[in-house]
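The next block holds one structure in the form of structure tokens; read it before the comments.
The values are calculated or read from the model by the stated rules, or taken from the named source; none is laboratory data. Being a predicted model, the structure only gives us computed values, none of them experimental. So basically every Cβ, Gly included, is an ideal-geometry build from the backbone, and we count neighbours across all protein chains shown. Side chains included, ligands, DNA and RNA excluded: accessible areas come from the protein's heavy atoms. Shrake-Rupley method; radii C 1.70, N 1.55, O 1.52, S 1.80 Å.
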Amino acid sequence: MQFAKYDEQGRVLFVGDVPESMLALQGERVFIGEIDGALEYVIAGNKHPRPANPASLSGCELHNLPVPCKIRVNQREYACSDASAALEFTYPGLYRIAVQAFPFLDANFEVQV
């Protein structure tokens, strides 16, 4: 039987498949059934779609950021506690930006400088 373990916020930690007799051994915060942890999360034992991230990019400015969030620029992460952020780049090139704030889906952008 398929199941998923999830954390206090409802984030799916992993999914598995065990015989029904083994489900009781999985402990607390177990969702029984199919779930896509990238697109869904668990609230009160039920799966729900993760909402769209409201973040938007205009030039080199991020707006409508969920507070708090993490802003990832290429492979570096920055904590953000504001609803907007100005992006500054030292070198020309293509930068991949991700705004992460669970339960929202990641918002992904590209900036060419």
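A few points about this structure:
- Comparing region 49-91 with the 2.2 N^0.38 Å rule of thumb, its C-alpha radius of gyration ratio is 1.19 (two decimals).
- The mean accessible area for residues of the chain, using a 1.4 Å probe and ignoring ligands and nucleic acids, is 64 Å² per residue.
- Computed magnitude of the charge dipole of the chain (debye, nearest 20; Cβ of K, R +1, Cβ of D, E -1): 140 debye
- Between V67 and A86, the simple label model (points 7 Å from Cα in the Cβ direction) yields a spacing of 1.9 nm.
- Cα-Cα pairs of region 1-87 separated by more than 21 Å (percent): 47 percent
- Accessible surface of the chain [probe 1.4 Å, protein heavy atoms]: carbon and sulfur percent: 52 percent
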